[in-house]
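Okay, structure first, notes after.
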Amino acid sequence: MSNREHILQTARRFAIETGSVPSMDAIAHQAGVSKGGLMHHFKSRAALVEGIAVQAIQDMDQELTAAAGRGNVVETWLRLSSARDEAALYRAMLILLTDRTSMTDTLMQQAAGATERWEQLFAFETGDPVVASVIRLLGDGMLLNSITDDYSAPSVDVILQWLDRRSTG
């Protein structure tokens, strides 16, 4: 694993543990690198957050591509969207990414491209682009519930049963 990947994994783990993206000093210490070594890969905290976000997009791409091969991309999307173990990371990133000054055009384009790719996977599995958009938005809502610790919504299994009844009815 490269130093850059090690730093990203450390920052991600630290964000999950603490619920926020720590300072550059804390990340350098946790990763066992000098601050200069950290700054070589990430010039600012915003650049580090962007790196975490890009890595999360790539991880989701891999998960959904593998799920498409198994024929359960919708289920995988909904389960990942409501994953409690990632909620702290999503919360930490949400706080930082809502600041438009830290959102680069590149990250915005990557996020938009990812959304389009994922909806195409949902459309292929469901056969309906409108249902694909609804599923993506449903996952986005489940993510918001996860971030706010609101687990009052129906379980993923109940939602999948409901979707299945709609598609076979």
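Computed from the coordinates by the stated procedures, all read-outs in this text should not be read as laboratory data. The shown structure was predicted, so the numbers you read here are calculated from the model rather than taken from an experiment. We place every Cβ from the backbone using ideal geometry, glycine too, and count neighbours over all the protein chains shown.
Using the Kyte-Doolittle scale, which helices in the chain average at least 0.5 and also have C-alpha atoms spread 20 Å or more along the helix axis, with helices defined as whole DSSP H runs? Long hydrophobic helices here: 129-147. Which label marks the calculated value of Rg and Dmax of the Cα atoms in Å, given the options (i) 14.5, 44; (ii) 17.7, 51; (iii) 17.4, 60? The value computed from this structure is option (iii). What the Cβ-Cβ distance of Ser34 and Ala112 gives, at R0 = 35 Å and to the nearest 0.05, is a FRET efficiency of 0.50. Ranking Tyr151, Ala15, Leu64 by how far each Cα lies toward the positive end of the dipole of the chain (charges on Cβ) leaves Ala15 at the top.
Hey, quick one: spin label on Ser44, modelled 7 Å out along Cα-Cβ, who in the stretch 1-29 has an amide N within reach, i.e. under 15 Å? Of the residues in the stretch 1-29, 24 have backbone N under 15 Å from the label point off Ser44.
Straightening the chain between Leu160 and Asn72 buys 30.6 nm, computed as 0.36 nm per residue apart minus the Cα-Cα spacing.
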